[in-house]
Structure formats: C-alpha cells, structure tokens
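What follows is a set of notes on a single structure, which appears directly below.
The values are calculated or read from the model by the stated rules, or taken from the named source; none is laboratory data. All figures in this text were calculated on a predicted structure; none of them were measured in a lab. Because the Cβ atoms are built from the backbone with ideal geometry, glycine has one as well, and the counts that use them run over all protein chains shown. What goes into the accessible areas is simple: the full protein's heavy atoms, side chains included, and nothing from ligands, DNA or RNA. Shrake-Rupley method; radii C 1.70, N 1.55, O 1.52, S 1.80 Å.
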Amino acid sequence: MQKQTATVDKVLDLIMRLDYFSREMVLDILKSRQIEERRNEISKNARSAKADFVKGKIKPMTSGEVIGRLSSI
C-alpha cells in the first residue's frame, strides 16, 4: 500500500470545496494553531536562554551592548 502525501495544492483544493463559513473556520483554526505554536517556540527559547544564563553561558549586557551586537549581525 502506497502512502499518500498531502501537498499544499491538494489541501487547498480540498478546503476550497468547503462552503464559505467552513473555510472561515479553517482559517481561524489555522491562525490559532500558528499563534500557539509560535508561543510554545518562544517559551522554549526563553527557558533555554534562562538555563544558559544560570549556567553562566550568557553574561548580562547593557542595552547599548545588545544593540551593538544586533547591529553587527
């Protein structure tokens, strides 16, 4: 048995077969899930940065130092 993979085009075609209100619901659900995933990613990064700070891997910097480092990226 061959595994069927979903492509963006296939998914969009399926969604476009839905009525208008169902498509609106899909959009709302996707947006909410994207926001939640981003929040989780930010939280994970913050926990990792805090752990690195506690371990001494990250040193405190002034706002000017941070801006300087960001400008050099």
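I'm trying to understand the selection: among the residues of region 24-35, which are of a type in the set (D, E, K, R) and open to solvent by less than 90 Å² (accessible area, probe 1.4 Å)? Scanning region 24-35 gives a single hit, E24. For R17, the criteria (1) modelled with pLDDT under 95; (2) open to solvent by 90 Å² or more (accessible area, probe 1.4 Å) hold in every case but one, which is (1). Scan region 37-73 for residues that are exposed (fewer than 10 other Cβ atoms within 10 Å of the Cβ), over 22 Å from the mean Cα position of the chain (by Cα) and of a type in the set (A, V, I, L, M, F, W, C) and jot them down. Matches in region 37-73: V54 only. Pairs meeting the criteria (first residue in region 58-73 and closer than 19 Å to N45 by Cα, second residue open to solvent by 90 Å² or more (accessible area, probe 1.4 Å) and among the hydrophobic types (A, V, I, L, M, F, W, C), beta carbons under 9 Å, at least 6 apart or on different chains) are K59/F53; P60/F53.
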